[in-house]
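These notes are about the structure you will find just below.
Every number here is computed from the coordinates shown, using simple stated rules; none is lab data. Not measured: the values here are computed from a predicted model. Positions of Cβ are backbone-derived with ideal geometry, glycine not excepted, and every protein chain shown enters the neighbour counts.
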Ligand SMILES: Cc1cc2nc3c(=O)[nH]c(=O)nc-3n(C[C@H](O)[C@H](O)[C@H](O)COP(=O)(O)OP(=O)(O)OC[C@H]3O[C@@H](n4cnc5c(N)ncnc54)[C@H](O)[C@@H]3O)c2cc1C
C-alpha cells in the first residue's frame, strides 16, 4: 500500500538535505533509542546523500538522576557516527514542557529546513513530534520501521491494520520538513571507528511561556519490583486471557514465580495493565532467562521485544499460532484451564524452596537464604511486612528478624505462611517427605537440616485430615527450638530420648513411652532435652 499523506503532487528535492534525529536524554535506555533512530537516519542519509544531525534540547531535568548529561550525549552521538550535533539552548532556562520543547524545535526547523525530523517512538518524543509538526503545518508519519528512497522521495515503511499490512507513506511536499516517529528497535545503533562530527549550539530566544499547563514537580515512579528490562523471569499475557479476571489470574502466577508481568498490546489497550508493561517494538525489549507467554499470537511487533529471552514457553489454544514458531516449548491448550493448575504447582514449589532455604547451610552466600526468599515471596504477593506480620499473628519486628536470618522459622510458621500465600500446607509437608526423605537424598536432607527432620508415615494423605509423622530432633547442643502453632489437634508419643514439650509457656518433660494430646492452636514448642537425638511420633489432625 503506498499513500501520499497530502494531495500535492510529488516534487523531487530532498537529495542532500539534512536528516535530523531528536535526542531523548531522559534516561540511558531512552537515549539508546535515539541512537537506534540515528542508525535509521544514517541508512536514509546514505540513500539521499544527506547529512545526519543529532538535535539536543537543553532542558533542566529536576529530580531525574537518570538523565544523560549533555556532554555524554554529545560524545556518544559522535561515537555513533553522526555528522553534526545541534544543541538548542532556550534563553529562559528552566524545565521545558513537551509543548515548549516542540516550540523550540519547530522554530529551528522552520529556520534550517531539514529534509525530515526523526523521533524515537515513546510518549514524550511522540508528543513533541506531533506538536512540532502542527506548528510547522506539515505532515507526520507514525511508527516507521524502515525507509526507502524512490524517485527523489523518502518513503517510510510502517505497519498498518494491526501489523497485517506494511504501508508505504511519503510526504508529497518535500520542500517542507516532514516529521516521523521511528520504532525504537527498528534500527540498531552501531559505534563507528574514527568517527568525528561537528557541533553547533544555538540559543533560542523565541520561547513563549506556557499558559495552559504549569510545571509542578517531577517525580520518578517507584520502580521497586517493577523492572521488566532486568527481570530474570517474565510472564506475559495476551488477548487470549479473555478479560481482566483472566489477567488477574496471570498476575498470581507471576507472584508465585517471583516474576515480572508483561503484556502484549491488547491487554494494555483494554487497560488490564499499565502501558509501561507493554513488550515489543513499541514497548520494552526484554531479555529474561525465562519468559512464559500466555494467550499471545506471536505477532512480529511483540516477538521483536523478546528475542533476547533465553527460554520462551508459550501456551495457546491454536496449534498454528505463530508464537509456537518462536517458542522453545509450546503447550497447546486453554490458558484458563492451564493457569490455575500451573500456578498452584508453582506455589507449592516456591514454598518448598523457602523451607529448604531455611535449612540449607550456606544458602545466603548464594543469595538463596530463607530471609531473602521470604522477602521476595512477600513482595511478589504485594504484602508489607506489617500486613504479613498481622496475617501470621506475629510482630513486624519478628518478620524482620526472619528476613534478616536472625531467627529460624518453625514448621508451624511455615504452615501459617503457606496459608497466607495460599499454598496447601499439607501438600508442602508431604511432598518434602516423599521426594526428599527417601534413600540417599533422605540422608542428605537429614544432614542439611542437621537438628530436625520428619518423615511421613501417611504418604499420599496430603489432603486428608489425619497425618502422622516421625520427628527426629537432634541433641540439645545442636538444637534450635521448634515452635509450632497451627489449626487442629496433635498427639505426640516419645519413642527415644527426652522431649521438652512447652505448652502455652509450661514445660512438660516426656520420656520414651510417654505421650500427650493438645490443641495445635496452643503455642507449643518441641525440644530435645537429651544428649542423644529424640524421636517421637506426631499425629496431626487438621479440620
Ligand atoms: C505499529 C505497531 C506497533 C505495535 N507494537 C506492538 C508491541 O510493541 N507489542 C505488542 O504486543 N503488539 C504490538 N502491536 C500489535 C501487534 O501487531 C499484535 O496485534 C499484538 O501483539 C497481538 O496481541 P495478542 O497476541 O495478545 O493478541 P491476538 O493477536 O489477538 O492473539 C491472541 C491469541 O490468543 C489465543 N487464545 C485465545 N483464547 C485463548 C485461550 N483461552 N487459551 C489459549 N490461547 C488463547 C489465540 O489463539 C491467539 O493466538 C503493534 C502493532 C502496530 C501496528
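The table that follows gives values for the structure above.
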| quantity | calculated |
| --- | --- |
| Percent of Cα-Cα distances greater than 24 Å, calculated over the range 2-204 | 34 percent |
| The range 277-319 and the range 51-113: distance between their alpha carbon centers, rounded to Å | 34 Å |
| Residue 287-residue 60 pseudo-label distance in nm [points 7 Å out on the Cα-to-Cβ vector] | 3.7 nm |
| Cβ-based exposure ranking for 80, 524, 137, in which fewest neighbours within 10 Å come first | 137, 80, 524 |
| Cα gyration tensor shape for the range 35-86, rounded if a/c is under 1.5, else prolate or oblate | prolate |
| Percent RCO, i.e. relative contact order, over the range 233-333, from Cα pairs under 8 Å lying at least 6 residues apart | 25 percent |
| Per-peptide average of other Cβ atoms within 10 Å, ordering 199-206, 125-132, 152-159 highest first | 125-132, 152-159, 199-206 |
| Amide N of the range 92-129 lying under 18 Å from the label point, which is placed 7 angstrom from the Cα of residue 212 along Cα→Cβ | 96-107, 124-129 |
| FRET E, pair residue 328, residue 390, Förster distance 51 Å, beta-carbon r, rounded to 0.05 | 0.75 |
| Residue 112-residue 161 pseudo-label distance in nm [points 7 Å out on the Cα-to-Cβ vector] | 3.9 nm |
| Chain lengthening between residue 270 and residue 72 when straightened (0.36 nm per residue, less Cα-Cα) | 67.4 nm |
